[in-house]
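Here's the structure we're looking at; comments come further down.
The values are calculated or read from the model by the stated rules, or taken from the named source; none is laboratory data. Because the structure is predicted, anything quoted here is derived from the model rather than measured. All Cβ positions, even for glycine, are placed from backbone atoms using ideal geometry, and neighbour counts span all protein chains on display.
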Amino acid sequence: MQLREFLPKVINGDFIDALHKARSLDKLKEQNQQEQQQLKQERMHLHARLEALQAECQREKEEKLVLMEKLWESREQLQQQAEFCTSLGAASCTLLWSTSRREEAVRDMLADGKLEPFLSVAGQTLESFVKSLDEEEKPQQQNYSSHEHQFVLALAGVITNLAAVTSGRDFISSSAHILLDTLMQLLSLMKPGVFPKLKVLMVMALYNVSISVKGLTYISESPALLPLICTLLEDRDSEVCLQALRLFQSLLVEGEVVTHLTPELLHALPVARIHQLTASRHPTLSHTAQETLEDLERLKGTHSLATEKEQ
């Protein structure tokens with residue numbers, strides 16, 4: 001009885017609350033220990049994954065280095081093969097260029113039936129080359145002695161020689177219109193002073209084609225022809241200007257073509273530039289420019305007479 005009376009005085013509410021808190025802390029401590037154990041296991045798991053990923057990354061780096069080495073070797077081999085093919089193409093086309101000067105050789109090419117695909121490939125090759133020319137490079141700094149330049153130069157030379165022979169000219173005039181369009185397009189893309197030898201050959205090819213009435217009719221119907229001739233006459237190379245004048249003179253020969261182009265010719269042609277060319281130190285260019293001016297004077301007189309009759 002005395003204990004019952006005395007115990008509540010000793011064990012009060014604060015003591016009981018503290019006891020409950022102690023029990024709660026024990027439970028919390030146990031939970032923390034469990035969480036720490038779980039985190040430890042997760043850390044070990046992540047560490048194991050990290051080591052596996054690092055090992056895989058290292059393996060991939062080593063594989064990448066091996067592949068890069070193989071890639072460089074392949075590029076070097078490809079470059080060597082490309083240089084060999086370009087050298088072989090330049091040599092082959094140079095021989096073909098020389099051979100195509102003979103009329104019998106051109107007839108043999110036509111008889112083989114392989115001329116059309118050849119002209120198609122030649123046009124595509126010239127187009128690819130011209131569009132890849134470095135426009136930022138100054139013309140005087142360009143090197144035209146490489147195998148690639150010799151290759152495209154020989155291709156253009158073969159086309160020019162084919163068009164110089166009657167049978168080849170007739171074939172190009174009737175079956176190679178895409179090639180003619182490509183030549184005119186590429187000539188308009190090439191800046192003044194850039195690869196003049198190639199320009200000369202391509203303009204000569206157009207001039208040779210223009211000897212055929214069918215060929216002249218086709219190229220004269222192109223709206224790009226007169227602007228092209230005007231652009232070529234502004235070139236700093238005298239041979240380019242000479243071939244441009246010869247091509248223009250071909251337009252003046254055919255009556256129907258002249259009748260169709262007369263108004264545009266009289267307005268678009270840079271007569272002042274042709275006057276400048278008459279003073280050129282290149283005797284053939286000077287003479288051709290003078291002949292062109294005389295042809296234009298006759299054309300103007302004929303046009304004026306025809307206009308008066310119509311009125």
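What about residue 81, is it within 30 Å of residue 150 (Cβ to Cβ), exposed (fewer than 11 other Cβ atoms within 10 Å of the Cβ) and either out of contact with any His (no Cβ under 7 Å at 6 or more places or on another chain) or charged (D, E, K, R) (or both)?
In short, yes.
Among the residues of region 283-297, which ones are in contact (Cβ under 8 Å) with a residue 24 or more places away in the chain and either among the charged types (D, E, K, R) or exposed (fewer than 15 other Cβ atoms within 10 Å of the Cβ) (or both)?
Across region 283-297, the qualifying residues are 284, 291, 295.
Any chance region 249-269 includes a residue that's in a helix (DSSP H, G or I), at pLDDT 85 or above and not hydroxyl-bearing (Ser, Thr, Tyr)?
Looking through region 249-269, at least one residue is in a helix (DSSP H, G or I), at pLDDT 85 or above and not hydroxyl-bearing (Ser, Thr, Tyr).
Pick from 191, 199: which is charged (D, E, K, R), closer than 21 Å to residue 128 by Cα and buried (at least 20 other Cβ atoms within 10 Å of the Cβ)? Before you say what the answer is, go through the steps one by one.
Details: 191 fails: buried (at least 20 other Cβ atoms within 10 Å of the Cβ).
Going through 191, 199 in turn, just one is charged (D, E, K, R), closer than 21 Å to residue 128 by Cα and buried (at least 20 other Cβ atoms within 10 Å of the Cβ): 199.
Looking at region 270-291 only, could you name the residues that are at pLDDT below 80 and closer than 10 Å to residue 238 by Cβ?
Hits for region 270-291: nothing passes.
Residue 192 is checked against (1) part of a helix (DSSP H, G or I); (2) modelled with pLDDT under 90; (3) not charged (D, E, K, R) and fails just one. What number does that condition carry?
(1)
Mind listing whichever residues of region 211-241 are out of contact with any Lys or Arg (no Cβ under 9 Å at 6 or more places or on another chain), small (Gly, Ala, Ser) and part of a helix (DSSP H, G or I)?
Result: 220, single match.
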